[in-house]
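The values are calculated or read from the model by the stated rules, or taken from the named source; none is laboratory data. Keep in mind the model is a prediction, meaning the values are calculated, not measured. Using ideal geometry, Cβ is built from the backbone for each residue, glycine included, and neighbour counts are taken over all protein chains shown.
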Amino acid sequence: MKKYLNLLLLSFIACLFATQQAKAQYYGDYDYITYSKHEVFVQYGAPTFQELSTQIRHTSLVARDGNTYEPSRFGYTGVFALGYNYYRSPYVSFGGYLGLSAAMLEMSKKGTSNPVFRSTVLSITGLITGNWVYFRSGLWEMSAQAAVGMTRWIDDQEMMQEMSKDVSADTARWRFAYHLSPLHVRWGGTLGVFADLGWGYKGVVNAGMSVKF
């Protein structure tokens, strides 16, 4: 699966470079003199990869006692993020993204509904992003995005049942992170608002504000 995702990301980035030349032939010199080279943004995204992977796949784990435990209750914050884009042309930019999210899971022994321990996961995700603007009219702008990076999952666990054997185990691990968005819509000039749909570690639906200068 990861092999196909990596191939898709590489193909997308190759398209960014190829289509930049076609854009250069279509748009006039004025666009290349007046465009903003920098963009900073804040955004919020949900549902997160944590939520989808846990609820759809019903993620389970084997605790220290050898038994399998499954989530019985969920709680999520979504992803709060900051980012920056540098425009190499009016239509192609590259940048970075830093997102923070948290999740709470109550884990029950498989086949039961009585929570045994609570798992609180903090996720810190850093991505390198590529963006291609394929439509612009007035204050409206539509673009596609691709991103790759790493996420750090910090899982703190605590027992919920007194006088029971401690089967919890804190963990911290790195994971490969990615995001693909074919539809990113922005409205505004120097100050703008945006929203997008995608799949990956930013959230399925994102919205935020950005400043170009």
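Assorted remarks:
- Taking first residues from the range 158-173 that are under 17 Å from M104 (Cα atoms) and partners that are outside any strand (DSSP E or B) and hydroxyl-bearing (S, T, Y), the Cβ contacts under 9 Å between residues at least 6 apart in sequence or on separate chains come to E158/S168; M159/S168.
- Of all the listed residues (D156, D166, D196), the sole one being outside any strand (DSSP E or B) and either of a type outside the set (S, T, Y) or out of contact with any Phe, Trp or Tyr (no Cβ under 8 Å at 6 or more places or on another chain) (or both) is D166.
- The range 102-130 - residue that is in a strand (DSSP E or B) and basic (K, R) and, of those, nearest to V92 (Cα to Cα): R118
- Against the test of being touching a strand residue (DSSP E or B) at 6+ places or on another chain (Cβ under 7 Å), modelled with pLDDT under 95 and loosely packed, with under 14 Cβ neighbours inside 10 Å, the options D155, D170 yield a single qualifying residue, D170.
- Within the range 87-115, restricting attention to residues that are of a type in the set (S, T, Y) and crowded, with 21+ Cβ neighbours inside 10 Å, the residue that is nearest to S143 (Cα to Cα) is Y91.
- Test: V133 is in contact (Cβ under 8 Å) with a residue 60 or more places away in the chain, of a type in the set (A, V, I, L, M), part of a strand (DSSP E or B) and more than 25 Å from G66 (Cβ to Cβ): no
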